[in-house]
Amino acid sequence: MAITHDRLTFMNWADGSNEDNMDNPRADATVRDPGAATQMHWACALSKRASLEAAVAEVADQAQQDLGPFPPHLGLFFVSNTFSSDYPRLLPLLQERFPDTLLLGCSGSGVLGAGHEIEGEPALSLTLAHLPEVNLTPFYLSGETLPDLDSPPERWVELVGVPPRDQPHFILLASPSSAVTDLLQGLDFAYPSAVKVGGLASGGRALESYGLFYNRLEHTGILGLALTGNIAVESVVAQGCRPIGETLQITEVERNNIIVKLDSRSPLEVLQETVASLSEADRQLAQQALFVGVATDPFKLKLEHGDFLIRNLMGVDPRSGALAIADRVRPGQRIQFHLRDARTSAEDLELVLNRFLRSRSDREPVGALMFSCVGRGAELYDEVDFDSNLFSRHFQDVPLGGFFCNGEIGPVGGTTFLHGFTSVFGIFSPAAPEPDEPTTHL
């Protein structure tokens, strides 16, 4: 496994210099900007230009203009896979425009920014962030070898390069073939209170259609960014499903993912009874959009919307009545069948956004990222910009960037999972409130 990581800290100008790091200014560097404001600022721009050079120029100019006089410390960019032949030129073009900015990005079958979602067409999204008093530690993992899941948390900390006491949060971008699920389990083990959001690159079947960008172009692996210091990351996860029937308990399992008994009965019989109790429209929907929700909290007595991790129903054995689902399950866990359609997905997103707004702290969001499944967007809603527009109605004037993923990374019930058909939002704000203006006493 190849592991690379650096640590960058952005602060106000102070006495002293970094002579020890002149040969490698990005390694353990403290970058100080003369006169930089102490407030966090974000900006996001989108270009649909078919020329890569023109697209880079457009997003760079617009995002820098929106950011104003504040120097960008972090640049997150997402590029349409229609530019796959131009991938090798993308990072150098951006580095030429932003030589002192940490730049990371990946490819997608669609990208979003500046309030628009572009799918299946040339597009480039760039989010710039001015992050005073924030530490940025990027890392890249190549290969499929990660520490054993029984390894101590110190092994995972060595991978990331950030001690748990720094209380990091993570943005994760990965290729579809990577061992990202194992990484999520390891990061949850080592950093249980950290919020982890991100997604898998999308955009084609050929290896060259996927791009991860940090220092150089990669087609496979995992790209991560740990953020520490004066920054808070909160998440909203919209799985787009509604429950049907009753909550059931798994009483017998085979091969980790085959449910043999539900409430000591045949799972197929229970499913048939559940579907028979539905309306005609929902019975038709169950033929093509039926899922299984696995309860994430074994101790919660009354399960509600959002308490389930949604997983695909892989198949049914008509002879034994067993059900196979796309995750590991064990006896004693509770499940409930779920349905998904455009209306349900829209209602679910509205519900989780409203719930977040009711429960969140007094911190004001300054920027956000959206990681949405390729199965959502116009394919699901039959209209463009649906999820991003709904988000913007709840969070006015908060810059939003992101892309359409082959799998979405976000927490449910305090554990981080790789999802499907989901929109995950990472919402960024200062961890500490801005100090009050000094009062002059006469």
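Spot the failing condition for N135; the list is (1) open to solvent by 10 Å² or more (accessible area, probe 1.4 Å); (2) at pLDDT 95 or above; (3) within 30 Å of A50 (Cα to Cα); (4) not in a helix (DSSP H, G or I), and only one is missed.
Evaluating N135 over (1) open to solvent by 10 Å² or more (accessible area, probe 1.4 Å); (2) at pLDDT 95 or above; (3) within 30 Å of A50 (Cα to Cα); (4) not in a helix (DSSP H, G or I) leaves (3) as the failure.
Looking at the stretch 341-349, is at least one residue in contact (Cβ under 8 Å) with a residue 40 or more places away in the chain, among the polar types (S, T, N, Q), surrounded by 15 or more Cβ atoms within 10 Å (Cβ to Cβ) and part of a helix (DSSP H, G or I)?
Yes: the stretch 341-349 contains one or more residues that are in contact (Cβ under 8 Å) with a residue 40 or more places away in the chain, among the polar types (S, T, N, Q), surrounded by 15 or more Cβ atoms within 10 Å (Cβ to Cβ) and part of a helix (DSSP H, G or I).
Among the candidates R376, R360, which residue alone is more than 27 Å from L285 (Cα to Cα) and among the basic types (K, R)? Even if it seems obvious, please write down each step before you answer.
Working: R376 fails: more than 27 Å from L285 (Cα to Cα).
Result: R360 is the single residue among R376, R360 that is more than 27 Å from L285 (Cα to Cα) and among the basic types (K, R).
Residue pairs, Cβ under 6 Å, 6 or more apart or interchain, first in the stretch 413-424 and over 12 Å from L187 (Cα atoms), second among the polar types (S, T, N, Q) and surrounded by fewer than 24 Cβ atoms within 10 Å (Cβ to Cβ). List them.
So the pair list comes out as G413/T296; L418/T181.
Do we have L46 as touching a His at 6+ places or on another chain (Cβ under 9 Å) and modelled with pLDDT of 95 or more here?
Spelling it out, L46 is indeed touching a His at 6+ places or on another chain (Cβ under 9 Å) and modelled with pLDDT of 95 or more.
Here are the criteria: (1) in contact (Cβ under 8 Å) with a residue 40 or more places away in the chain; (2) of a type outside the set (D, E, K, R); (3) on the phi < 0 side of the Ramachandran plot; (4) out of contact with any Phe, Trp or Tyr (no Cβ under 6 Å at 6 or more places or on another chain). Tell me which single one Q167 does not satisfy.
Status for Q167: all satisfied but (3).
For the stretch 144-165: of the residues being of a type outside the set (F, W, Y), surrounded by fewer than 22 Cβ atoms within 10 Å (Cβ to Cβ) and under 21 Å from the mean Cα position of the chain (by Cα), which is modelled with the lowest pLDDT?
E144
Looking at the stretch 171-191, which of the residues that are surrounded by fewer than 19 Cβ atoms within 10 Å (Cβ to Cβ) and either over 17 Å from the mean Cα position of the chain (by Cα) or in a loop (DSSP other than H, G, I, E, B) (or both) is modelled with the lowest pLDDT?
S177
Being within 24 Å of V398 (Cβ to Cβ) and not in a strand (DSSP E or B) is the filter here, so list the residues in the stretch 221-240 that pass it.
N230, I231, Q239, G240
Being in a strand (DSSP E or B) and crowded, with 19+ Cβ neighbours inside 10 Å is the filter here, so list the residues in the stretch 262-276 that pass it.
Here is the first cut: in the stretch 262-276, the residues in a strand (DSSP E or B) are 262, 265.
L262 - this is the single residue of the stretch 262-276 that is in a strand (DSSP E or B) and crowded, with 19+ Cβ neighbours inside 10 Å.
Are there any pairs, at least 6 apart or on different chains, whose C-beta atoms fall under 7 Å, with the first in the stretch 90-115 and in contact (Cβ under 8 Å) with a residue 12 or more places away in the chain and small (G, A, S) and the second in a helix (DSSP H, G or I) and buried (at least 22 other Cβ atoms within 10 Å of the Cβ), and if so, which?
That search, which allows pairs on different chains as well, returns S107/N81; G108/N81; S109/N81; G110/G377; G115/S388.
Can you name the residue in the stretch 197-220 that is among the small types (G, A, S) and not in a strand (DSSP E or B) and, of all such residues, is nearest to P99 (Cα to Cα)?
Looking only at the stretch 197-220, we keep the residues that are among the small types (G, A, S), and these are 198-199, 201-204, 206, 209, 211.
Cutting the leftovers down to not in a strand (DSSP E or B) gives us 201-204, 206, 209, 211.
Details: A201: 25, S202: 27, G203: 28, G204: 31, A206: 31, S209: 26, G211: 21 Å.
Looking at residues that are among the small types (G, A, S) and not in a strand (DSSP E or B), I get G211.
Just to verify a result, which residue in the stretch 350-379, among those that are open to solvent by 50 Å² or more (accessible area, probe 1.4 Å) and touching a His at 6+ places or on another chain (Cβ under 7 Å), is farthest from L200 (Cα to Cα)?
L357
With a cut-off of at least 3 residues that are open to solvent by less than 30 Å² (accessible area, probe 1.4 Å), name the strands (runs of 3 or more DSSP E) lying wholly within the stretch 380-434.
Hits in the stretch 380-434: 400-405, 408-412, 423-429.
What's the total number of residues in the stretch 94-118 that are at pLDDT 95 or above, buried (at least 18 other Cβ atoms within 10 Å of the Cβ) and more than 17 Å from L74 (Cβ to Cβ)?
Here the count works out to 8.
Looking at (1) closer than 29 Å to R330 by Cβ; (2) open to solvent by less than 30 Å² (accessible area, probe 1.4 Å), which is the one condition that is false for G203?
(1)
So A194 fits all but one of (1) over 30 Å from G321 (Cα atoms); (2) open to solvent by 20 Å² or more (accessible area, probe 1.4 Å); (3) assigned to a loop (DSSP other than H, G, I, E, B); (4) not charged (D, E, K, R); what number is the exception?
Failed condition: (2).
Kindly indicate whether I250 is outside any helix (DSSP H, G or I), over 27 Å from the mean Cα position of the chain (by Cα) and surrounded by 19 or more Cβ atoms within 10 Å (Cβ to Cβ).
Yes; evaluated as a whole, the condition is true for this residue.
Under 6 Å between Cβ atoms, which residue pairs at least 6 apart in sequence (or on different chains) link something in the stretch 372-388 that is within 17 Å of F78 (Cα to Cα) and touching a residue at least 12 places away in the same chain (Cβ under 8 Å) with a partner that is open to solvent by 50 Å² or more (accessible area, probe 1.4 Å) and part of a loop (DSSP other than H, G, I, E, B)?
If the second residue must be open to solvent by 50 Å² or more (accessible area, probe 1.4 Å) and part of a loop (DSSP other than H, G, I, E, B), the pairs left are C373/F421.
Residues are listed down the side, and each one gets a yes or a no for (1) open to solvent by less than 30 Å² (accessible area, probe 1.4 Å); (2) among the aromatic types (F, W, Y); (3) assigned to a strand (DSSP E or B):
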| residue | (1), (2), (3) |
| --- | --- |
| L278 | yes, no, no |
| G293 | yes, no, yes |
| L301 | no, no, no |
| G306 | no, no, no |
| I310 | yes, no, yes |
| M314 | no, no, yes |
| P318 | no, no, no |
| F337 | yes, yes, yes |
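The values are calculated or read from the model by the stated rules, or taken from the named source; none is laboratory data. Keep in mind the model is a prediction, meaning the values are calculated, not measured. Using ideal geometry, Cβ is built from the backbone for each residue, glycine included, and neighbour counts are taken over all protein chains shown. The area values use the complete protein model at the heavy-atom level, side chains included, leaving out ligands, DNA and RNA. Shrake-Rupley method; radii C 1.70, N 1.55, O 1.52, S 1.80 Å.
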